[in-house]
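The values are calculated or read from the model by the stated rules, or taken from the named source; none is laboratory data. Please read all numbers here as calculations on a predicted model, not as lab measurements. Here the Cβ is made from the backbone with ideal geometry for all residues, glycine too, and neighbour counts use every protein chain on show.
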Amino acid sequence: MKRRWLLVLAIIVLLTVSILYGTVFSRSAGVEPQKYENIGIVIEVVSLVRGRYYQPVSTVDLLRSYVATGTINGMLSETLGDPYTRYMDQRAYERMVSQTTGTFGGIGIVIGIRDEQLTIISPIKGTPGERAGLRASDVILKIDGKDTTYMTTDEAASLMRGPEGTGVHLTIKRGDEVIEVPIIRAMINVNSIETIEMIEPSIGYIELTNFSDSTYSELVEALDQLEAEGMKGLILDLRFNPGGTLAAALQVANEFIAQGPLIYFQDRDGNRMAYEAVEADTRERIPMVVLINGSSASASEIVAGALRDHGLAILVGTTTFGKGLIQSIIPLRDGGALTITEQVYLTAGGHDINKVGIEPDIEIVVDEETEVAIYLDEPDVVDPQLEKALEIIREQTE
């Protein structure tokens, strides 16, 4: 306890001196001094980051960044370079909590951080966001005029949620073009399985669009249906699947993997903990291809990586999004909260995919126009990734 108080005292002294020095320096240079946030909350955040962040962090580096930027999120961004570790003030946190525990409307997009920018991973089919023309890789610059710099994905999502029939205005950057997109919110209720069909007499196809509490039961029902129709090989389409719950991903992977690790969790000291498969009720092995692309993220990457690492599937398409970090949300004394990365996950084969994604076994690149047409299921579109998957399955089942 004594050491803890000495550490807190040292941080207060360092922070106070640094702020005073920064203020004096700014005035002497004729620069407007920074407006600093509550020192008590800064100390609380620094303490949490030092103790729980998935990589070792220097207190001095944090304080220097705080003095340089004048904000907690500026400090976190400058020091960590981690877009998923962010501070939410009381208003933002309360909005997030209230809108994730009740029933609210939304616009139907999944977001992430790419190159330190709030980015659309994938719009959801049949939702206001998709109908408004939003696309994967669109950068969200503003939400109702609020700049998204340093904004957490949770905070951004809470701003886009709201009562059905109300409007939200997004400022989007697409390439070099900036677009203003007004959208009317609607109730979002999306099933995990978009398509189930026998493409050929012995080849089944399942399009899995997200991972939620209902995903596993939907998948089991789909597999039972296809097996009853004579399926001998399976194409699992995870393109445009931005992920979802970790539990759902592990259930899906365990449906095919009888033993061994499904995923590894790694802490800041490099210690790994495996989540092992359970053999009960595992499906019999059949030829399988998993389709992936740059909008396959998080839970999709867990499943694709596990199936390939266990030698159960061939991956076809393009490199996945690359999100391999696990966050926790910690309430703070000021009523706000800290979203902090506490662990990294590795695929079943021990591969770290964060920021690099999973490369396919067979890369089939399609142009943007074709990719959009595939996503929208436009008639007569030629899908070279699916054609390659069919070719592979045919060779293994004939």
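Quick look at the values:
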item: Inter-residue pairs, beta-carbon under 7 Å, first more than 15 Å from V289 (Cα to Cα) and in the stretch 211-235, second exposed (fewer than 13 other Cβ atoms within 10 Å of the Cβ), 6+ apart; result: E218/N191; G230/P201
item: Subset of the stretch 243-267 [under 18 Å from N210 (Cα atoms) and either acidic (D, E) or not assigned by TED's automatic domain parsing to the domain that holds G233 (or both)]; result: E255
item: Breaking point among (1) surrounded by 13 or more Cβ atoms within 10 Å (Cβ to Cβ); (2) more than 26 Å from P201 (Cβ to Cβ); (3) not small (G, A, S), for E368; result: (1)
item: Number of the exception - Q327 against (1) surrounded by fewer than 23 Cβ atoms within 10 Å (Cβ to Cβ); (2) touching a helix residue (DSSP H, G or I) at 6+ places or on another chain (Cβ under 6 Å); (3) polar (S, T, N, Q); result: (2)
item: Any hit, the stretch 208-220, residues being in a helix (DSSP H, G or I) and touching a strand residue (DSSP E or B) at 6+ places or on another chain (Cβ under 6 Å); result: yes
item: Selection count, the stretch 301-317, where residues are over 15 Å from P242 (Cβ atoms) and among the β-branched types (V, I, T); result: 2
item: Residues located in the stretch 179-199, provided they are polar (S, T, N, Q), touching a Ser or Thr at 6+ places or on another chain (Cβ under 8 Å) and either crowded, with 17+ Cβ neighbours inside 10 Å or touching a residue at least 40 places away in the same chain (Cβ under 8 Å) (or both); result: S192
item: Condition check for I292: surrounded by 22 or more Cβ atoms within 10 Å (Cβ to Cβ), among the β-branched types (V, I, T) and within 21 Å of L219 (Cα to Cα); result: yes
item: Residues of the stretch 157-168 classified as in a strand (DSSP E or B) and surrounded by 13 or more Cβ atoms within 10 Å (Cβ to Cβ), total; result: 2
item: Residue among G233, G204, G270 that alone is within 28 Å of V344 (Cα to Cα) and either in the same structural domain as H351 (by TED's automatic domain parsing) or surrounded by fewer than 24 Cβ atoms within 10 Å (Cβ to Cβ) (or both); result: G270
item: Only listed residue being aliphatic (A, V, I, L, M) and closer than 19 Å to N210 by Cα, chosen from I329, I292; result: I292
item: Exclusive hit being among the aliphatic types (A, V, I, L, M), surrounded by 16 or more Cβ atoms within 10 Å (Cβ to Cβ) and without any contact (Cβ under 8 Å) to a residue 40 or more places away in the chain, set A258, A253, A280, A248; result: A258
item: All positions within the stretch 118-156 that are out of contact with any Gly (no Cβ under 8 Å at 6 or more places or on another chain) and assigned to a helix (DSSP H, G or I); result: R131, D154, E155, A156
item: Residue list for the stretch 269-286, filter: of a type in the set (S, T, N, Q) and under 18 Å from Q251 (Cβ atoms); result: T282
item: Out of T397, T339, T319, sole residue that is touching a Phe, Trp or Tyr at 6+ places or on another chain (Cβ under 7 Å) and either at positive phi or touching a residue at least 12 places away in the same chain (Cβ under 8 Å) (or both); result: T339
item: Selected residue [within 23 Å of A337 (Cβ to Cβ), modelled with pLDDT under 55 and under 36 Å from the mean Cα position of the chain (by Cα)] from R4, R95; result: R4
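Results for (1) at pLDDT 90 or above; (2) basic (K, R), shown as yes or no for each residue.
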site: R131; (1), (2): yes, yes
site: L134; (1), (2): yes, no
site: V139; (1), (2): yes, no
site: D144; (1), (2): yes, no
site: S158; (1), (2): no, no
site: G162; (1), (2): no, no
